[in-house]
Amino acid sequence: MIRTGSKMIGWVGVLILMFIILLALVGPSVVPYSPSEQSGSPFQPPGAEHWLGTNDMGQDILAELVVGARTSLTIGIVAALLATFIGTVIGLVSGYAGDWLDSLLMRIVDICLTLPFLPLMIVIGVYIGPSLFTQVFVITLVMWAGKARKIRAQTLSLRSRGAVLAAQSMGAGHFYILRQHIFPSMLPLVIPQFVQAVNVSILMESSLSFLGMGDPLSKSWGSILFYANSRSAFLTEAWMWWVIPPGVCIVLTVLAFSFIGYFLEERVNPRLRMYHGASALMKKTALRLAGQSAVPARAQQEVPLLDVQGLTITYPKADGFTEAVKKVNLSIKKGEVLGLVGESGSGKTTLAAAIIQLLKPPGMVSEGAILFDGHDLTRLSPMVLQKLRGNRIALIPQAAMNALNPVMSVREQLEEAILSHRKSSKRELVDRVDQVLSQVGLAVKWGAAFPHELSGGMRQRVVIAMALINQPDLIIADEPTTGLDVMVQVEIVELLQELQRKFGLSMVFISHDLPVVLRLADRTIIMNQGEIVDQGDTLALTKMSVHPYTRRLIDSIPRLPTAETPRPLQEQR
């Protein structure tokens, strides 16, 4: 699904580029004059005989323009292809191979990036001599290094992802992984890099030709500007028909490639395509939510701390929208723990992200309200939400290592969480950080440590400390025991249980581990395929629920046999 405006911009770019290419291909055959012969009087203004007038030698400027289009487009596209190809290959090899080869290639890239651009062009151009090859060579040499560094950075990220690791574990070869997993994911980056390279190449060609380093025997838009400047066009009225037409052609070509690149980037990037495809519905939803009546004033004791009403979250897809969360209703009282249980993909994390208003695009709240302390979070400004997050509403994310900055100490990150909401003296910061570290069972000395120096359980305690640091009213714990061994999971659950009782916290505890939720939650909600299929008091739910999905979850919990439990026949024998 591609946005209509994006399609229109793409087609505008295509039409402009087709006009320029048609000008380059057909123009020299249509224009009756040769660009290298005198066909009129010098400085003849535009007229019926010469549509764009003549230069100081009586040569037809329109004939120069259409012939110059061939040169400028050829140099721009060829140099862009070479620079993008070289940069992509070196970036892929460097990022994927790593080790000494990565160091060697990146040092070469660093040297190329530190060389001064304009003096380098001038020196090489003068040394080799003015020609089309010189221009292509210089432009490629200047541009490839920056593209290699960007591609390499993306490759480093892609090679550590699950799909690549899985392919390696199955014995896939390096070329297969590069062809099937790395390069296809790189296309959304390569295409805009090429389009940008074409734009820069055309501008560089014009600059080189303007500086006199172009092929003196070939006409180009840049060489037209060079001769116009060197032959005093600006001292006469001739600049209006000698300088403006090639300048307009350069601008139109750059604009055309930019429009096409914008469209292609959205076309090959599914996230951009879906996000923009949803923009119309998002605007309608925003208007509808803004037009809803305000929450009626009620007594404080009647308003739950969190009240989710008819919440629906949608994601765009090729043929419309899919509902990840459907008509969800839930509420949490002050001091209550609500368990949210469901298998992977049931919509638990999506619901948590929507509650804290950190839903990643292209996901969007299409219906419903999220009332926190009587205020609809979907209608609050970003500034107000920023003051709420980490202060009154805190999140304990799934992966503690991803939530912590690897180059900042634990103490610095905890202090940052405080300073994001209020000013404090150095003494107050130290005391509060020491206090919260003790509360989560960490020695004060670990405040000076970096995340990589901590075990998984210790990192999870740091994330819990970060959530507690500003004494929030509501904590959303999104599978906080995921990825931890069983003993550490027990420690984290006991810690959360102790902290909740000690501080009277309201908590949404999200997990697919039903026994953990049963131990911690006052009430439990069961989700399946984005819907709430069962809910109620936790103890009553385990004993009396007759919903088949809930019963399957409860019956799947392993239990130790008791004396009354009959043993299987195999064991009796």
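No lab work stands behind these numbers, since they all come straight from the coordinates. Not measured: the values here are computed from a predicted model. Reconstructed Cβ throughout: ideal geometry from the backbone, glycine too, with neighbour counts over all protein chains shown.
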*asked:* Over all directions, how big on average is the projection of the convex hull of the alpha-carbon atoms in the range 404-457, in square nanometres?
replied: 3.8 nm²
_If packing is taken as the average number of other Cβ atoms within 10 Å across a peptide's residues, how do 363-369, 379-385, 107-113 rank, most packed first?_
363-369, 107-113, 379-385
_Can you compute the charge dipole magnitude of the chain about its Cα centre, using +1 on each Lys and Arg Cβ and -1 on each Asp and Glu Cβ, nothing else charged? Give it in debye, rounded to the nearest 20._
980 debye
_Estimated distance in nm for a label pair at Asp513 and Met487, the labels positioned 7 Å out from Cα along Cα-to-Cβ_ = 1.5 nm
*Which of the peptides 462-469, 152-159 is most tightly packed, and how do the rest follow, judged by the mean count of other Cβ atoms within 10 Å per residue?*
462-469, 152-159
*Find which of Val251, Met213, Val109 sits farthest along the positive direction of the dipole of the range 71-274, computed with +1 on the beta-carbon of Lys and Arg, -1 on that of Asp and Glu, about the Cα centre.*
Val109
*Stokes-Einstein diffusion coefficient of the range 176-249, Kirkwood radius over Cα pairs, 10 °C, 1.306 mPa s, in µm²/s*: 109 µm²/s
_Cα lying deepest toward the dipole's positive end in the chain, options Ala80, Val384, Phe509, charges on Cβ_ = Phe509
*For the residues Phe183, Phe19, Phe194, what sequence is obtained by ranking on other C-beta atoms within 10 Å, fewest first?*
Phe19, Phe183, Phe194
*Could you please report the charge total around Leu101, scoring K, R as +1 and D, E as -1 over all other residues with beta-carbon less than 12 angstrom from its beta-carbon?*
0
*Taking neighbour Cβ counts within 10 Å as the exposure measure, how do His174, His181 sort from fewest upward?*
His174, His181
_For the range 71-274, I need the span (max minus min coordinate) of the C-alpha atoms along each principal axis, in Å, sorted largest to smallest._
72, 41, 23
*Sorted by mean Cβ packing within 10 Å, highest first, what order do the peptides 452-458, 129-135 take?*
129-135, 452-458
*Quick one: net charge around Ser545, please, counting Lys, Arg +1 and Asp, Glu -1 for every other residue with C-beta under 12 Å from its C-beta.*
0
*Cα convex hull of the chain: how many Å³ per residue?*
257 Å³
*Starting from the Cα-Cα distance between Asp522 and Leu358, subtract it from 0.36 nm times their residue separation and give me the gain in nm to one decimal.*
56.4 nm
*When the helix-only estimate is applied to the chain (DSSP H runs of n ≥ 4, each -39,500 (n - 2.57), divided by the residue count), what is the mean residue ellipticity at 222 nm, nearest 500 deg cm²/dmol?*
-17500 deg cm²/dmol
_Students often forget the sequence filter, so: which lysines lie under 18 Å Cα-Cα from Lys426 once same-chain residues fewer than 8 apart are removed?_
Lys445
*Considering only the other residues whose Cβ falls under 12 Å of the Cβ of Ala399, what net charge follows from Lys and Arg at +1 and Asp and Glu at -1?*
-1
*Tensor-based shape of the range 1-158 (alpha-carbon gyration tensor, a/c under 1.5 rounded, otherwise prolate or oblate)*: oblate
*For Lys333, list the lysines whose Cα falls under 17 Å from its own Cα; do not include residues on the same chain fewer than 8 positions away.*
Lys502
